[in-house]
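What follows is one structure encoded as structure tokens, with my remarks underneath.
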Amino acid sequence: MSQESSDPMLLTILGTAAAEGWPALWCTCEACAEARRLGGRNLRRRAAYQLGERIRVDFGPDSLWQMNEFGLDYAALEHLLITHSHGDHIDRREIMYRRPGFADLPDDNVLSIYGNESVREYLEGGRHSLEEARARFITVKPFEPIDLGEGVTATPLLADHADDEMALNYLFERGERAVLQGNDTGWWPEQTWEFLAGKRLDTLIIECTYGSRKGGHHHLGAEDVLAVRARLLKLGTLSESTRVIATHFSHNGGWLHERLEEFFRPHGIEPAFDGMQVEL
Ligand SMILES: [Zn+2]
Ligand SMILES: [Zn+2]
Ligand SMILES: [Zn+2]
């Protein structure tokens, strides 16, 4: 199915929690109890994004829940971009259900999976090969755009999120438009800031894992989100009217959706919720 280049393509934020979800598995803390009681936008799945029908970012343990909740057709996916190998972002077993006997898929249905070397090792390290799952792996290089067809490119940017692997964020561009998927960023290395200085974003999606707490290395908190926005404004990457969305919230950060809205409202920033959509 081809799309007119003038029609906006929708990017859906499918999950807005940190690794253990929110309410978190097993957890008895006050923030989880409140989220369970209130429900709605306080119920957060593990991070993932879908751009149109063909393109997906990350495939973690909530992929089935996301498929059913948001009416997704995974057989239509062609490109799966993985940010890093942490278990909330990629679950090998879920990919392996593409194998014959688990899924009816035509032989020519092949999923291209992109990521760093750690993701490759993880995906290729199980009992079954990617080939059996009708998938192929492409190792990406930072700052080199990937052509995803229909005028869409994704450029991997370096994050500061993991000490033992090259965690990535993806910059999606389509014609004049650009959306940056930024969860698990930490405070970006200088190369990423320099690269972004030459870009203009329509939407920035940026992590806020620590909520009320201060972050920096590996993850950010709400105050850091303001600092990221301020620096990108100075670089000309953002304007005052650019949509800025905070996501990837941990229950350890404490602030429920309403409190996040209160904090961010004066700065024109929106806290994400599962199912939120932005245009590319
Ligand atoms: Zn994460
Ligand atoms: Zn908790
Ligand atoms: Zn991670």
* Among the candidates G71, G15, G39, G52, residue that is on the phi > 0 side of the Ramachandran plot and open to solvent by less than 20 Å² (accessible area, probe 1.4 Å) -> G39
* Criterion violated by K214 - all others in (1) in contact (Cβ under 8 Å) with a residue 40 or more places away in the chain; (2) away from ligand 2 (no atom under 16 Å from the Cβ) satisfied -> (1)
* To do: Filter segment 174-186 down to residues that are open to solvent by 60 Å² or more (accessible area, probe 1.4 Å) and in contact (Cβ under 8 Å) with a residue 40 or more places away in the chain and give me whichever is farthest from ligand 1 (Cβ to nearest atom).
  => G175
* Structure fact -> Going through segment 31-86 in order, the residues found to be of a type in the set (D, E, K, R), under 25 Å from L168 (Cα atoms) and away from ligand 1 (no atom under 16 Å from the Cβ) are E53, R54, E78
* Asked: Which of the residues spanning segment 200-258 are part of a helix (DSSP H, G or I) and open to solvent by less than 50 Å² (accessible area, probe 1.4 Å)?
  -> A222, D224, V225, L226, A227, V228, R229, L232, L233, H251, G253, H257
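Listed here are the residues, each with its yes/no results for (1) open to solvent by 70 Å² or more (accessible area, probe 1.4 Å); (2) more than 22 Å from L51 (Cα to Cα); (3) not β-branched (V, I, T).
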site: G101; (1), (2), (3): yes, yes, yes
site: D104; (1), (2), (3): yes, yes, yes
site: Y114; (1), (2), (3): no, no, yes
site: Y122; (1), (2), (3): no, yes, yes
site: G125; (1), (2), (3): no, yes, yes
site: E132; (1), (2), (3): yes, yes, yes
site: P142; (1), (2), (3): no, no, yes
* **Among residues of segment 74-85, those that are within 15 Å of G125 (Cβ to Cβ) and open to solvent by 20 Å² or more (accessible area, probe 1.4 Å), counted** => 1
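The values are calculated or read from the model by the stated rules, or taken from the named source; none is laboratory data. None of these values were measured; they are calculated from a predicted model. Virtual Cβ from ideal backbone geometry, glycine too; neighbours counted across all protein chains shown. Side chains are part of the model used for accessible areas, which takes the heavy atoms of the whole protein and leaves out ligands, DNA and RNA. Shrake-Rupley method; radii C 1.70, N 1.55, O 1.52, S 1.80 Å.
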